[in-house]
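For reference, the structure discussed in these notes is given below.
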Amino acid sequence: MVTIRNLYIASIKEFVRDRAAIFWTFAFPLVFIVLFGVIFNGGGSPNYTVGIVNEDGGPVGQALASAFKQVSSFKVQNGSRSDELDKLKKGQVDMVVVIPAGVSQSVTQQQTATVDLYDDPSTGQADTQIKQSIVQAKVSEFNKRATNTVPPLALQSNSILTHQVRSVDFLVPGILAMALMQLGLFGTATPLVTLRQEQVLRRLGATPLPRWQLLASQVLMRLTIALVQTGLILALSVWAFKVQIQGSILAVLALVILGAIAFISLGYLVAAISKTVDTANGITSVVNFPMMFLSGIFFPLAALPLFLTPIVRALPLTYLGDALRQIVTGGTPVFPMWVDLAVLAAWAFVCALLAVRLFKWE
C-alpha cells in the first residue's frame, strides 16, 4: 500500500505540474458549457430580418402587420411583394410574410383566409422550421382571439428555390469548410512546431537550402491535400447521398484553394507564436472549436444571440462556409460573394504577414 500511495502522490504531482493537462481536463469542458449555454439558452433567441407585405387595407391586415413588428426576434421592413421577394432571393431578408388583399373581408364573412410565408430552404431545414413556428404562433394568437367557429387565418408556406434542398445539401459545404480549417490549423501548426522543437528546422537552416523553398513546398503539399479532401468529400456526397452541385466545379476548386491558403496562413501564425507542441495544440483547439460552432456551418446563424454577431462576422470560416454553400447548393447568400472572397483574402494576407515577422526557426 505504501508503494501505491507513493506512486499515486507522484502521479498527482506530475499532473499538477502539467498546466496544459489541467486546462484540457478542467477548464476546457467548462468553456464548452458556457459556449453551448450562451447559444442554446433563452438568451439565444433567433434574429431575423423580415419583409412584411400588407396588401390588405382592412383592420385584420393592420393588426397582423403590427403583431409581427412586436416579435422581439424580428427586424421588420415593409415593401411591395415584388421588392421584398427580390430581397429574399438576394439574401437581404430572411423571409417574407404577405398579407393578401381581402383578408379582412374573408374574416368578417367567417371564411378562412391565407397568410403567405416565403422562405429560402437552402438555409437549412431547422432554420425553416424555426421561421415557420414563429409566424405560425402569431397567426394562432389571432385565431384564438377570434370568436368564429371557422379558424379565420391559415399559414401557407412557399419556397423561392427551384430545386429541393435537403439537410445533407446544407451540411456538405459546411463539412468541407471545416475540413479545410482543420487542415490549416492541426495539419500545419503542430507539425511545424514539432520540427522546430526537434531542431530539424535549425539543421535545415544551416544548409544551402533557401528557407522560402522549404515553406513553399510545405504550402503546396497542404494545398494538394486540400484538393484531395475536396474531391473525396464531394465524390462521396454525390455518389452516396445524391447531392447536386449547382455551381461550377472550377469555382469550387478556386474557392477551396483560397480558403486553404487562409487557414494555412493562420496555422503558420499559430506556429509562430507557439513555443512548444503542447502550446500549439492548445491554441489550435481554442481557435478551432469556437469557429466550428459560431460560423454557421452546422446550424443557421440566426440561432445565435445577437451580441455574438461581431464575433461571427470576424471568423474566416463564416465566409468560407457561406461562399461554398452559395456555389454548392445555390442558396441565398449571407454575404455577397465578393465580400466572402475579400475577407478570406484579407485573413490570408494578414496572417501570412504576421507569421513571417514572428516566426523563429530555432
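Restricting to helices (runs of 4 or more DSSP H) lying wholly in region 1-103: which have 1 or more residues that are more than 18 Å from V115 (Cβ to Cβ) and either outside the structural domain of L306 (by TED's automatic domain parsing) or modelled with pLDDT under 80 (or both)?
It comes to 2-17, 19-22, 28-40, 81-90.
Just one of Q182, Q213 is loosely packed, with under 11 Cβ neighbours inside 10 Å, outside the structural domain of F68 (by TED's automatic domain parsing) and either part of a helix (DSSP H, G or I) or modelled with pLDDT under 75 (or both); which is it?
Every option except Q213 fails the conditions.
Kindly indicate whether any position in region 191-198 is modelled with pLDDT of 75 or more, assigned to a loop (DSSP other than H, G, I, E, B) and over 30 Å from V172 (Cβ atoms).
So far as region 191-198 goes, yes, one or more of its residues are modelled with pLDDT of 75 or more, assigned to a loop (DSSP other than H, G, I, E, B) and over 30 Å from V172 (Cβ atoms).
So that you can scan it fast, the table gives a plain yes or no per residue for (1) assigned by TED's automatic domain parsing to the domain that holds L88; (2) outside any helix (DSSP H, G or I); (3) in contact with a Pro (Cβ under 8 Å, 6 or more places away or on another chain); (4) not charged (D, E, K, R):
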| site | (1), (2), (3), (4) |
| --- | --- |
| N281 | no, no, no, yes |
| M292 | no, no, no, yes |
| F298 | no, yes, no, yes |
| T309 | no, no, no, yes |
| D322 | no, no, yes, no |
| F335 | no, yes, no, yes |
| L341 | no, no, no, yes |
| A345 | no, no, no, yes |
| A352 | no, no, no, yes |
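Within region 239-267, work out how many residues are part of a helix (DSSP H, G or I), at pLDDT 85 or above and farther than 30 Å from T309 by Cα.
Going through region 239-267 one residue at a time, the tally reaches 3.
So, R202, is that one basic (K, R) and either buried (at least 20 other Cβ atoms within 10 Å of the Cβ) or at pLDDT 75 or above (or both) or not?
So R202 does not fit the description; no.
Just checking, does region 261-271 include any residue being surrounded by fewer than 12 Cβ atoms within 10 Å (Cβ to Cβ) and among the aromatic types (F, W, Y)?
No, every residue in region 261-271 fails to be surrounded by fewer than 12 Cβ atoms within 10 Å (Cβ to Cβ) and among the aromatic types (F, W, Y).
Take S140 and decide whether it is in contact with a helix residue (DSSP H, G or I) (Cβ under 8 Å, 6 or more places away or on another chain), under 30 Å from Q70 (Cβ atoms) and either modelled with pLDDT of 70 or more or of a type in the set (S, T, Y) (or both).
no
Is it the case, given these coordinates, that K87 is without any contact (Cβ under 8 Å) to a residue 60 or more places away in the chain, surrounded by fewer than 20 Cβ atoms within 10 Å (Cβ to Cβ) and under 23 Å from the mean Cα position of the chain (by Cα)?
When the stated conditions are applied, K87 passes them.
How many residues are small (G, A, S), surrounded by fewer than 18 Cβ atoms within 10 Å (Cβ to Cβ) and under 13 Å from the mean Cα position of the chain (by Cα) when one looks only at region 309-352?
Residues meeting the conditions: 1.
Among (1) hydrophobic (A, V, I, L, M, F, W, C); (2) part of a helix (DSSP H, G or I); (3) at pLDDT below 85, where does V270 come up short?
(3)
Using beta carbons and a limit of 8 Å, which pairs, at least six apart or on different chains, have the first residue in region 270-287 and over 14 Å from C351 (Cβ atoms) and the second one among the small types (G, A, S) and surrounded by fewer than 18 Cβ atoms within 10 Å (Cβ to Cβ)?
D278/A20; T279/A20; N281/A20; G282/A20
The values are calculated or read from the model by the stated rules, or taken from the named source; none is laboratory data. Just so we're clear, the structure is a prediction, and the values are computed from it rather than from any experiment. Don't worry about glycine lacking a Cβ; one is built from the backbone with ideal geometry, like all the others, and counts go over all protein chains shown.
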